[in-house]
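Input: a single structure, listed below in structure tokens.
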Amino acid sequence: MKKILIIEDEPEMRRNLVTILRLEKYQPLDAPNGKLGLETARAQAPDLILCDVMMPEMDGHAVLLELRNDPATMNIPFIFLTAKGEKVDFRAGMNLGADDYLTKPVAKADLLNAIRVRLQRRQQQEQLGKPNFESAEPLLKLGVTPRVAEVLLWVAQGKTNQDIGTILGISESTVKKHLMEIFEKLGVETRGAAALRAVEILSRPTQPS
């Protein structure tokens, strides 16, 4: 049973999330603030974390930064939950290493889909070896431009076209154009196939030039 940690300071929201996850056969853990959430993450090693952004004691960004700087927790999938929908807030979370960003109130289907995708992505990464998402440079060997390689880097992390546009500061139509180029270069027809190819490359040890 997968353990999901919920870090949320609103009691009703926290209870609702716990109930949803329990009914879906997950093992929910919960914490009312960032400080306790960080302690729980380190003690319980959850399979995924849902975390509010604006909280007392320690906000979500600070929690994520601490988790990503700790080798024991740095690879735990992390999804932000927030009532704020501003793009600058979204981009800040992504740049810190968040895996997804859901705006409250989030629909049950969207929440469960985001959790399922992140858990599947982690399983794939563990099977292939841990990919290094720090740089898109290894993807240049596919014969694409640096910008297209950046798009593929985020595709490999499960981001949508809208997410990628926000993160890279480009239009969604430009992302789609780059994605079509990726499909052509790789000889694939789906995002999943492109992501798998990218993860394979990013999982290989760096070869000296």
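Coordinate-derived values only; no laboratory data. The structure displayed is predicted, hence computed values, not measured ones. Every residue, glycine as well, gets a Cβ built from its backbone with ideal geometry; the counts of neighbours run over all protein chains shown.
What to note about this one:
- For segment 61-73, Karplus couplings with θ = phi - 60° (6.51, -1.76, 1.60), whole Hz, Gly/Pro x: 5, 5, 4, 4, 4, 5, 5, 6, 8, 10, x, 6, 10
- Geometric extent, Cα atoms of segment 32-154 - Rg, Dmax (angstrom): 15.3, 48
- On full extension, the segment bounded by GLN120 and MET74 gains 14.8 nm, given 0.36 nm per residue less the C-alpha separation.
- Extension gain, GLU181 to THR160, is 5.9 nm, computed as 0.36 nm per intervening residue step minus the present C-alpha separation.
- All Cα-Cα separations within the chain were binned at 5 Å from zero, giving a P(r) of 1, 7, 15, 19, 19, 16, 11, 7, 4, 1, 0, 0, each value a whole percent of the pairs.
- Dividing the mean sequence gap of close Cα pairs (under 8 Å, 6+ apart) by how many residues the chain holds gives a relative contact order of 14 percent.
- Three-way shape call for segment 137-202 based on the alpha-carbon gyration tensor, with the a/c threshold at 1.5: rounded
- Between ALA92 and LYS130, the modelled labels are 2.8 nm apart [label points 7 Å from Cα along Cα→Cβ].
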